[in-house]
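Novice: One structure follows; several queries about it will come next.
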Amino acid sequence: QTGVGRTLELSLYETALSQLSYQLVGYLGTGVVPGREGSAFAQIAPYQVFPTRDGDLMIVAGNDRLFAALCRVLGLPELVEDARFLTNPDRVANREELIALLEERTRERGSTELAEALVAAGVPVSPVQDVGEAARHPQTEALGILQALGDVVTVAAPLTADGERVRHHAPPP
C-alpha cells in the first residue's frame, strides 16, 4: 500500500523463547523453575503422548469438556465425577494417578481406531510420527517445505512472503 517494503528478522533464540512462553510466564509469576515433563504440558492434564497397542498418540484434553469426551471414548465416564479430577487444577495435582488410569485404556486400543474415535468426539489428537513419516507425510508435500538443491534435498525456511515459500539459494555446505 505504501510502496515501501519491510525487513523481516527471525531470530532462532527468539523463536525458541516464544516456544517457552507458558513456562517463562509461569516462572516469571512464581519464581519456580519448571521441571522436565517429557511430552506433557505442565499446566494442563491430560495433554501429552499416550501409548497405544501399536504406536503413540498425542492427546490434548485441555478443558473439562474435552476431558469428559476423552473419558467417554476410553470407557471411563466415572473419572469425570471423581473428586481427584473434577477440574484442570485437580487433574494437574493428581496427574500421576490420572495418567496411569488413562494409559491402561489407551494401551488396549490401536492408534488409528482410537484417533478416529477421539476426532469424532472432538478431542484433539495426532499420531506421533518418526522423521521418515513426517518427511513422507502428504502435508509436508502440500506445504512444499522440502527443497531440492542439486543432489541435496533440504528443508526450506518455515516462512512465506506474499504467499511464496522462502527458498534457499544454494545447498548447505
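The values are calculated or read from the model by the stated rules, or taken from the named source; none is laboratory data. These numbers were taken from a predicted model, which means no experiment stands behind them. Heads up, the Cβs are rebuilt from the backbone with ideal geometry, glycines too, and the neighbour counts pull from every protein chain shown. These accessible areas exclude ligands, DNA and RNA; they are computed on the full protein's heavy atoms, side chains included. Shrake-Rupley method; radii C 1.70, N 1.55, O 1.52, S 1.80 Å.
Novice: Take the residues of the range 112-133 that are of a type outside the set (Asp, Glu) and in a loop (DSSP other than H, G, I, E, B): which is farthest from the chain's Cα centre (by Cα)?
Specialist: Kept after step one, since they are of a type outside the set (Asp, Glu), are these residues of the range 112-133: 112, 114-115, 117-129, 131-132.
Subsequent filtering for residues that are in a loop (DSSP other than H, G, I, E, B) retains 121-124, 128-129.
Working: Ala121: 18, Gly122: 16, Val123: 13, Pro124: 9, Val128: 9, Gln129: 12 Å.
Ranking the candidates gives Ala121 first.
Novice: Here is a follow-up. Checking Glu81 against (1) more than 19 Å from the chain's Cα centre (by Cα); (2) open to solvent by less than 20 Å² (accessible area, probe 1.4 Å), which test does it fail?
Specialist: Among (1) more than 19 Å from the chain's Cα centre (by Cα); (2) open to solvent by less than 20 Å² (accessible area, probe 1.4 Å), Glu81 violates only (2).
Novice: Could you pull out the residue among Leu10, Leu17 that is over 21 Å from the mean Cα position of the chain (by Cα), under 30 Å from Leu159 (Cα atoms) and either at pLDDT below 95 or among the hydroxyl-bearing types (Ser, Thr, Tyr) (or both)? Break it down into steps so the answer makes sense when it comes.
Specialist: Details: Leu17 fails: over 21 Å from the mean Cα position of the chain (by Cα).
Unique residue meeting the criteria: Leu10.
Novice: In the range 148-162, how many are over 25 Å from the mean Cα position of the chain (by Cα) and open to solvent by 70 Å² or more (accessible area, probe 1.4 Å)? Even if it seems obvious, please write down each step before you answer.
Specialist: Of the range 148-162, the ones over 25 Å from the mean Cα position of the chain (by Cα) are 148-153, 161-162.
If we keep only those that are open to solvent by 70 Å² or more (accessible area, probe 1.4 Å) as well, we get 148, 150-151, 153, 162.
Total meeting the criteria: 5.
Novice: Checking the structure you have, find out if any residue of the range 137-144 is under 26 Å from Gln48 (Cβ atoms) and touching a residue at least 40 places away in the same chain (Cβ under 8 Å).
Specialist: No, the range 137-144 contains no residue that is under 26 Å from Gln48 (Cβ atoms) and touching a residue at least 40 places away in the same chain (Cβ under 8 Å).
Novice: Of all the helices (runs of 4 or more DSSP H) wholly in the range 1-74, which have at least 1 residues that are of a type in the set (A, V, I, L, M, F, W, C), in contact with a Leu (Cβ under 8 Å, 6 or more places away or on another chain) and in contact (Cβ under 8 Å) with a residue 12 or more places away in the chain? Walk me through how you get there before you give the answer.
Specialist: Values: elements: 12-19, 21-30, 64-73.
Fully inside the range 1-74 and qualifying: 64-73.
Novice: Something else about it: Among the listed residues Leu79, Leu98, identify the single one that is in contact (Cβ under 8 Å) with a residue 40 or more places away in the chain, under 23 Å from Ala115 (Cβ atoms), touching a helix residue (DSSP H, G or I) at 6+ places or on another chain (Cβ under 7 Å) and in a helix (DSSP H, G or I).
Specialist: On the way: Leu79 fails: in contact (Cβ under 8 Å) with a residue 40 or more places away in the chain.
Exactly one of Leu79, Leu98 is in contact (Cβ under 8 Å) with a residue 40 or more places away in the chain, under 23 Å from Ala115 (Cβ atoms), touching a helix residue (DSSP H, G or I) at 6+ places or on another chain (Cβ under 7 Å) and in a helix (DSSP H, G or I), namely Leu98.
Novice: Which of the residues spanning the range 55-72 are among the hydrophobic types (A, V, I, L, M, F, W, C), more than 19 Å from the chain's Cα centre (by Cα) and over 14 Å from Glu103 (Cβ atoms)? Please lay out each step first, then the result.
Specialist: So the first thing to find is which residues in the range 55-72 are among the hydrophobic types (A, V, I, L, M, F, W, C), and the list is 57-61, 66-71.
Narrowing the set further to residues that are more than 19 Å from the chain's Cα centre (by Cα) leaves 68, 71.
Within the range 55-72, just Ala68 meets the criteria.
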